[in-house]
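This report refers to the structure that appears directly beneath it.
Every read-out reported here was derived from the displayed coordinates using simple, explicitly stated rules and does not represent laboratory data. Predicted, not measured: the structure shown is a model, and the values here were computed from it. FYI the Cβ positions are ideal-geometry reconstructions off the backbone, even for glycines, and counts take in every protein chain you see.
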Amino acid sequence: MLKGEIFEDVRKYWVLKTIIEDKDRSFQTIDSYNDKLEEYYNYDSLVPNSKQISSDDFVILIDKEKILGFATIGHINISPSTKTIRRCPKCQGTTIDTRKTKRPKYRCNKGHEFEVPIEEVRNVDKYTAFFSSFTANNNEDHTLKLLRSFYMNGYNQNMSMQRLNPAVIDLFIHIKAKLLNSYPTLEKEEGYIKDTDEPYINNNKDERDSVLRAIKLRRGQQDFRNKLLKRYNNTCIVTGCKIIDILEAAHINPYRGINDNHPENGLLLRADIHTLFDLNLIAINPYTLTLTISDNLLDTEYKIFENQKIIIGEKAPSEDALLFRWNVFNKEL
């Protein structure tokens, strides 16, 4: 990039709706995605716009009531999965509320009441968009009405992933300042290559800083990771791998603040096992400390870990944290 040359902001801007299960009963129309607000967002190939989101895109995370935070997508993992869709037996609609006291148990948004929804299992690609940065919405207006005029294809309350006009960032001044200092297509970034007909020339310059930063982010907070390396003797508790460069700090209970960086809430995992654990494709039985893998992995090289005992020595992870994840895993079966 020539000095003084500035390229346009080519990333896409999105609003992503996440579901907080204890507040939103309509999540029961489909399997829950189990997002980690500060770390990643899950979706699948049946969700409109699922194939349009890319690394470096900027997202505004919301629930049904308010703006929760802002994030930049670092990388996206893809894995085969299944999805259970629950429909109203009368109109086939998927917007269904579960009623706590009234009967019949379910009611769709068109007023139909019924005791048992129709269930359909579909094969899908499951996507996990990991964030390279996240900022909670602590200092800004939380109302969703702020975003209404920026929906590029018009606001649709039933869509969970919608494209926004880049001008939306002007609403959030402190977030915009961070983006101007970090986005790879801006003047000071070395990693952006403008389309050109010029031949490739090897300049022997090492430009891997951004890659190393991404790896460091994925490994987890440094202090948390260091404690887990010591706790588990620099060894992946699943595979026995001792290559420190690819061992990562995994939270058992989702990270919600500094208290969740307690070593008993952590596992030391090889990078691929960490991803499978985060996607709830591998779980640890809290009572036997043995592994259970999802049916989706039974025909893969990971089937060898079924019923294998984890490698922990004398310091076991928190049973309460493992039980929480175990219940999440079994809910998705």
| query | How would you rank 319, 301, going from fewest to most other Cβ atoms within 10 Å of each one's own Cβ? | reply | 301, 319
| Once all Cα-Cα distances of region 209-332 are split into 10 Å bins that start at 0, what whole-number percent is in each one? | 14, 48, 33, 6, 0
| Ranked by Cβ crowding within 10 angstrom, fewest neighbours first, how are 238, 121, 47 ordered? | 121, 47, 238
| request: For a label point 7 Å from the Cα of residue 233 along Cα→C-beta, name the residues of region 277-319 whose backbone N is under 14 Å from it. | output: 310-316
| task | Give me the number: length gained by fully extending residue 309 to residue 177, i.e. 0.36 nm times residue separation minus the C-alpha to C-alpha distance, one decimal in nm. | result | 42.7 nm
| field | Hypothetical label at residue 50: residues of region 141-167 whose amide nitrogen lies under 14 Å (7 Å Cα-Cβ projection) | value | 160-161
| message | Going 7 Å from the Cα of residue 98 along its beta-carbon direction, which residues of region 308-324 have the amide nitrogen within less than 20 Å of the resulting point? | response | 323-324
